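Report on the structure given below.
The values are calculated or read from the model by the stated rules, or taken from the named source; none is laboratory data. Note that the structure is predicted; figures quoted are calculated from it, not measured. Positions of Cβ are backbone-derived with ideal geometry, glycine not excepted, and every protein chain shown enters the neighbour counts. What goes into the accessible areas is simple: the full protein's heavy atoms, side chains included, and nothing from ligands, DNA or RNA. Shrake-Rupley method; radii C 1.70, N 1.55, O 1.52, S 1.80 Å.
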Amino acid sequence: MVDFASLLLLAVLGLGFWFWLHSIRILEIACEAGRQACNRMDVQFLDDTVASTKLSLARNAYGRRVLRRTYRFEFSETGNSRREGKVVMLGDRVERVAMEPYQIVE
């Protein structure tokens with residue numbers, strides 16, 4: 001017979017595994033948002049990744065509490081410089097993408 005402590009441990013492990021998989025999915029969405037922003041601005045998306053910098057609770061458009069995740073990425077307009085951008089995710093939606101000011105090279 002399975003006791004309560006074992007069931008609780010299994011539930012916590014399952015929840016942790018689900019959170020980890022969900023976080024990877026959100027990271028991939030944020031990475032794609034950063035890549036698309038760089039493509040639109042005709043700059044180079046560096047390192048092909050984003051890094052998590054902040055995690056907090058916020059309310060979405062329906063008033064539900066969801067996680068707001070902030071990711072940073074780097075880009076270059078010339079190939080010689082590194083500028084910073086960020087992607088803010090609200091739940092599984094892109095809330096905004098912001099990029100540090102840079103010089104337009106022609």
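Per-structure values
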read-out: All positions within segment 50-65 that are closer than 15 Å to MET89 by Cα and either open to solvent by less than 70 Å² (accessible area, probe 1.4 Å) or in a helix (DSSP H, G or I) (or both); value: VAL50, ALA51, SER56, ALA58, ASN60
read-out: Count - residues of segment 66-104 that are among the β-branched types (Val, Ile, Thr) and loosely packed, with under 15 Cβ neighbours inside 10 Å; value: 2
read-out: Candidates ALA61, ALA51, filtered to the one that is at pLDDT 95 or above and small (Gly, Ala, Ser); value: ALA51
read-out: Close pairs (7 angstrom Cβ cut-off, 6 or more residues apart or separate chains): closer than 25 Å to VAL94 by Cβ in segment 1-26, surrounded by 10 or more Cβ atoms within 10 Å (Cβ to Cβ) and among the basic types (Lys, Arg) anywhere; value: ILE26/ARG69
read-out: Unmet criterion (only one of (1) in contact with a Ser or Thr (Cβ under 9 Å, 6 or more places away or on another chain); (2) surrounded by 13 or more Cβ atoms within 10 Å (Cβ to Cβ); (3) charged (D, E, K, R)) for GLU32; value: (1)
read-out: Segment 1-47 - residue that is acidic (Asp, Glu) and not in a helix (DSSP H, G or I) and, of those, farthest from the chain's Cα centre (by Cα); value: ASP3
